[in-house]
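What follows is a single structure, written as structure tokens, with notes after it.
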Amino acid sequence: MDISAIYAITAGGVFAALVFARIISILVKWTDLFSVLVSRHLTIPYFVHRHRLWGPWSRASVILHVTYAAMNIFLILFRITSLTSAGRRAGELALINLVFPLSATHLSYLADLLGIKWRTCCRIHRATGWMTIVLVSFHIIAMIQDQQFSFSLYESQDMFTLIGAASLGILALCSNTWFRRWSFEIFLRGHQILAALFVYGTLRHLSDENAPLNHYLWISLGALGLTSCLQLMILLYRNGLFAGRGAPRALVTFTSKKTNEDKLIVTAARVRVLLPRPVQVEAGQYINIWIPSVSVRSWTQTHPFTVTSWSRHRQDVMELLVQPRHGLSADLTRHALAALESSVSFLALFTGPHGTTEDVSQYESSLLIASGFGLAAVTPYIKKMIYGYNTSTLLVRRLHLILNVSIYVRSGLANDKTTFGEHKRFCLYQGTPDYESIIALEASGDMIERLPNIQQERGRTLVMISAADDLRDHIREIVRGYLHQGVQLSELEYQPNDG
Ligand SMILES: Cc1cc2nc3c(=O)[nH]c(=O)nc-3n(C[C@H](O)[C@H](O)[C@H](O)COP(=O)(O)OP(=O)(O)OC[C@H]3O[C@@H](n4cnc5c(N)ncnc54)[C@H](O)[C@@H]3O)c2cc1C
């Protein structure tokens, strides 16, 4: 081959690479543009605003739910010959819809398997669950109106049908927010028992001629068995139970304050989970912890808490920040008085780490907004970004944390702004920050020092939030106006109002 042919091939190769790079950059731009459009018009704006009992539902969520309902209605009504046959089809569809809610005992596992957020998994669980309830109700009505319908409590099959239907009805009634808030543990265990009764009742309800329909239930139960086995194996491995190094232990320390009446109240518990086998935890991930000896009822409970410690490597010790509430967390604080100066140690098992992590590598500046214990969710990201800045492994050049807390300000300190800390970088403001101007400033990139006379492309801004509902809604609305300037919103796995 002569030299001109080699030049031609090399030039051709370089040209092809350039064209390829250009196509990729156009695609990336289009993908960016597409994702901005989707966020601006579908995922961020609410169609139904937040209410005590329902919502909020974004436009995207309404479209998806309506499409899902429409598909089910279409499948019921397509070429039906009578109401009874529509009812039969509704029953069959209910069994198909049931595959998702029945496929795992723990939604955190299912979310991990599907690579989605815990919150999204809960929404799918809720939507498929309610669809099943509606379809079963329609099935019952359609069957009752049939002239050949007969029912006798002396028939064991009918008896189990009634038990299954009643369990589903009670499950639907008890699924409201009030009941969940009243006692999460009773709600959860009740929900599981009623679901099991419903499945058993349905299995017995399906007579021999309907036996093929049992397959849907066996598929669900097979998936449940498989995910449960997987869950158990991961639990045994991560907790190092058969490694001969002992079980994990939770060391709990408390922070407290005195009230005006000189009463000591615990404001937070810090839990350090000492692990027999190191675990890789990504920023923003959480564990479900089981601490059986905290109280009589705690052995039945597992609770999700975000891992606040972060390391590039596997961790031997995971740190958690726990807000004292009413159940396990309140029981924990009862040990505080005995251990205010030191720590208490409990045997603890955990599942996880669960949850998704936000890719922070593409952002030049990050604005982290937390209210109250939302600080736990943003802390590992702060650690990761500071590490990335110090080691030049991330693009990040600016970090801005806004922490919203209710604190008692003594007179004399009650200025609008008080600066403190060695570098005067911590400011204590009273009142509500002007989030609109803060986000505008961060989006402009003006707060980042740049070399003079050098054209530098402005980097993207990440707004990360773990805060109370009203603040989150407010920030969503503001960020929506800055998406085209490269601002991205990330709502973390833990939002303080979840609990
Ligand atoms: C992904 C995720 C991460 C979290 N991270 C933290 C954290 O880092 N620090 C922190 O203080 N809190 C965190 N929470 C909230 C914490 O899990 C609850 O506050 C805690 O479980 C309450 O327990 P309790 O029994 O003391 O309170 P309760 O007073 O009995 O319950 C209060 C509320 O907590 C929620 N809750 C209770 N048990 C569970 C459970 N097993 N699963 C899910 N929700 C439950 C319910 O909504 C309930 O209404 C997180 C929640 C989730 C979903």
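The values are calculated or read from the model by the stated rules, or taken from the named source; none is laboratory data. Every value quoted in this text rests on a predicted model; they were computed, and no experiment measured them. Please note: Cβ atoms are built from the backbone with ideal geometry, for glycine as well, and neighbour counts cover all protein chains shown. To get the accessible areas, we keep the full protein, side chains included, count just its heavy atoms, and leave off ligands, DNA and RNA. Shrake-Rupley method; radii C 1.70, N 1.55, O 1.52, S 1.80 Å.
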### Summary
Of every hundred units of 1.4 Å-probe accessible area on the chain, the number belonging to carbon and sulfur atoms, as a percent, is 63
### Task
Return one whole number: the accessible area per residue of the stretch 363-498 in Å², for a 1.4 Å probe.
57
### Task
List the pair-distance distribution P(r) of the stretch 249-354, using every Cα-Cα distance, as the percent of pairs falling in each 10 Å bin from 0 up to the bin containing the longest distance, rounded to whole percents.
15, 47, 29, 8, 1
### Query
Within a Cβ distance under 11 Å of Leu162, other residues only, what is the Lys/Arg minus Asp/Glu net charge?
-1
### Summary
Once Lys and Arg are counted +1 and Asp and Glu -1 for all other residues with Cβ under 12 Å from that of Ile80, the total becomes +3
### Unit charges on C-beta of K, R, D, E only; dipole of the stretch 363-498, Debye
500
### Message
Using the Cα centre of the stretch 57-237 as the reference point, and only Cβ charges (+1 on K/R, -1 on D/E), how large is the resulting charge dipole? Debye, rounded to the nearest 20.
### Response
800
### Task
Take each uninterrupted DSSP H stretch in the chain, measure its Cα extent along the helix axis, and return the ones at 24 Å or beyond whose mean Kyte-Doolittle hydropathy is at least 1.0.
3-38, 59-77, 156-173
## Note on the structure
Taking a probe of 1.4 Å and leaving out DNA, RNA and ligands, the stretch 120-203 shows per residue an accessible area in Å² of 61
### Query
What whole-number value in Å² describes the accessible area per residue of the stretch 229-304 for a 1.4 Å probe?
55
### Helix-derived mean residue ellipticity, 222 nm - over the chain, DSSP H n ≥ 4, -39500 (n - 2.57), to 500
-15000 deg cm²/dmol
#### Entry: Positive-end residue, the stretch 57-237 charge dipole about Cα centroid, Cβ charges, pick of Trp218, Trp178, Leu188
Trp178
### Query
Once the Cα gyration tensor of the chain is diagonalised, what are the square roots of 5 times its eigenvalues, in whole Å and ordered largest first, as equivalent ellipsoid semi-axes?
45, 35, 25
### Task
Determine the sum of side-chain charges near Leu441: Lys and Arg each +1, Asp and Glu each -1, restricted to other residues whose C-beta is under 11 angstrom from that of Leu441.
-3
### Query
Which order, highest average first, do 48-60, 361-373 follow once you tally other Cβ atoms within 10 Å for each residue and take the mean per peptide?
361-373, 48-60
### Task
Mind jotting down a quarter of the surface of the convex hull over the alpha carbons of the stretch 363-498, in square nanometres, one decimal?
9.7
### Message
Just to verify a number: FRET efficiency for Leu53 and Gln455, C-beta to C-beta distance, R0 = 56 Å, to 0.05?
### Response
0.55
### Task
In debye, nearest 20, what is the charge dipole magnitude of the chain about its Cα centre with +1 on Lys and Arg Cβ and -1 on Asp and Glu Cβ, if you could check?
720
